[in-house]
Amino acid sequence: SSDTTAAHTFPAERLRAFVDAVVAIAMTLLILPLMESASEASKFQREHPDFNTVQFFAEHSGQVGALIMSFALIALAWTMHHRLYAAVQEVTTSLVWLNILWMFMVICLPVTTALVGALHTDAGLFIAYVGNLILLYLSSLGGRLYLLRHLSLVDASRTTVWNGIIADIVAVALFGIALVLGLLMPKLGFSTLFLMLFTPLGARLFSRKEQETP
């Protein structure tokens, strides 16, 4: 199609650099709520000398947990993105916009993370956080499906791109299951997101099944 002609493509290095910068900023922003709490704790300690580090982390365990969880999830999403786009030689306008959507979902995560650390977990907050992650992986899936239709842009086999598509589908499905379980059993809360540990296993199983299909 005209979208993939030389006149509408440019080297992928600029996109990769853009993505890396946005992800780095988003991961850095995750620490800001805890930094603000640390600043407030310093002022609080002047009035309450007995207040110590252990008490600080105990009182802000929600922020610490949200920071670690979101940092790990962004790192996982970036790793999956990087593995594919390292092989992308050229990008089109459509592919750039799909990546901009992906980046928008990444920079939204510090906001939902800050809410997780600051508020008591309720259904709305849980939906906002997990929904953010589902949209992140759906936007990643959109980029992979586009590359599957335009394999000339990527220095990788159709099987490699397809395996990435399967991994994104598995991730979205697991996030969906985590969302349902968390809403049905509120006591489980964000612990349901540990289901994401099964993403690589699920992706391998479905990839193997696809390869065995004649």
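The values are calculated or read from the model by the stated rules, or taken from the named source; none is laboratory data. As the structure is a prediction and not an experimental result, all values here were calculated from the model. As a convention, Cβ positions derive from the backbone with ideal geometry for all residues, glycine included, and neighbour counts pool all protein chains shown. Calculation scope for accessible area: heavy atoms of the full protein, side chains included, ligands and nucleic acids excluded. Shrake-Rupley method; radii C 1.70, N 1.55, O 1.52, S 1.80 Å.
Close contacts from region 70-84, counting a first residue that is in contact (Cβ under 8 Å) with a residue 60 or more places away in the chain and within 16 Å of R16 (Cα to Cα) and a second that is small (G, A, S) and buried (at least 17 other Cβ atoms within 10 Å of the Cβ), with Cβ to Cβ under 6 Å and a gap of 6+ residues or different chains, come to L84/G164.
Scanning region 99-126 for residues that are open to solvent by less than 50 Å² (accessible area, probe 1.4 Å) and within 19 Å of G143 (Cα to Cα) turns up N99, W102, M103, M105, V106, C108. The single condition among (1) open to solvent by 20 Å² or more (accessible area, probe 1.4 Å); (2) touching a residue at least 40 places away in the same chain (Cβ under 8 Å) that L151 does not meet is (2). The helices (runs of 4 or more DSSP H) found wholly in region 24-85 and carrying at least 3 residues that are open to solvent by less than 40 Å² (accessible area, probe 1.4 Å) and modelled with pLDDT of 85 or more occupy 61-85.
Evaluation of V106 against the conditions (1) more than 21 Å from I25 (Cα to Cα); (2) in a helix (DSSP H, G or I) shows that the sole unmet condition is (1).
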